[in-house]
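A.B. asks: Below are the structure tokens for one structure; questions will follow.
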Amino acid sequence: EYYGGPTGQIMTSLMLRPPLPGDESYELYKQEHDKIYNGLKERLQRLVEGLNRIDGITCTPANGAMYAFPRIEIPPRAIAKAREMDTTPDNLYALSLLEETGICV
């Protein structure tokens with residue numbers, strides 16, 4: 001049986017049951033919560049806007065989540081090149097991105 005100790009139990013309890021309106025610590029909790037939430041929301045918006053500025057990439061954020069789902073349109077020449085190399089276009093794209101930029105997808 002797992003016993004997380006008093007500190008872990010207190011922290012879990014605080015995460016699951018945050019202060020309520022009228023509680024002494026509610027105003028501070030609300031300020032901190034809103035600052036974190038709005039910061040994450042702003043970063044997601046900047047990410048989506050940045051992706052949408054790249055030719056061949058379109059992106060819409062998932063509402064209510066911290067995810068972005070970009071759609072990458074692979075040009076016909078890249079599709080033909082992938083066929084020549086006996087691989088799939090998405091594999092060619094991923095390997096090219098890794099080799100040219102170091103970005104792994």
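The values are calculated or read from the model by the stated rules, or taken from the named source; none is laboratory data. Everything numeric in this text was worked out from a predicted model, so none of it was measured. All Cβ positions, even for glycine, are placed from backbone atoms using ideal geometry, and neighbour counts span all protein chains on display. Just the protein is used for accessible areas: all its heavy atoms, side chains included, with ligands, DNA and RNA removed. Shrake-Rupley method; radii C 1.70, N 1.55, O 1.52, S 1.80 Å.
A.B. asks: Could you list, in sequence order, the residues of the range 63-105 that are among the acidic types (Asp, Glu), part of a helix (DSSP H, G or I) and surrounded by fewer than 11 Cβ atoms within 10 Å (Cβ to Cβ)?
C.D. replies: Matches in the range 63-105: Glu84, Glu99, Glu100.
A.B. asks: So, one more: Inspect the range 45-59 for any residue being open to solvent by less than 50 Å² (accessible area, probe 1.4 Å), touching a Phe, Trp or Tyr at 6+ places or on another chain (Cβ under 7 Å) and either over 27 Å from Cys104 (Cβ atoms) or not polar (S, T, N, Q) (or both) and give the result as yes or no.
C.D. replies: yes
A.B. asks: State which residue pairs qualify: first residue farther than 15 Å from Gly56 by Cβ and inside the range 76-105, second residue small (Gly, Ala, Ser) in any location, beta carbons under 7 Å apart, and separation of 6 or more residues or different chains.
C.D. replies: What qualifies is Thr88/Ala82.
A.B. asks: Hey, can you tell me all the residues within the range 48-62 that are more than 22 Å from Ser96 (Cα to Cα), assigned to a helix (DSSP H, G or I) and not acidic (Asp, Glu)?
C.D. replies: Val48
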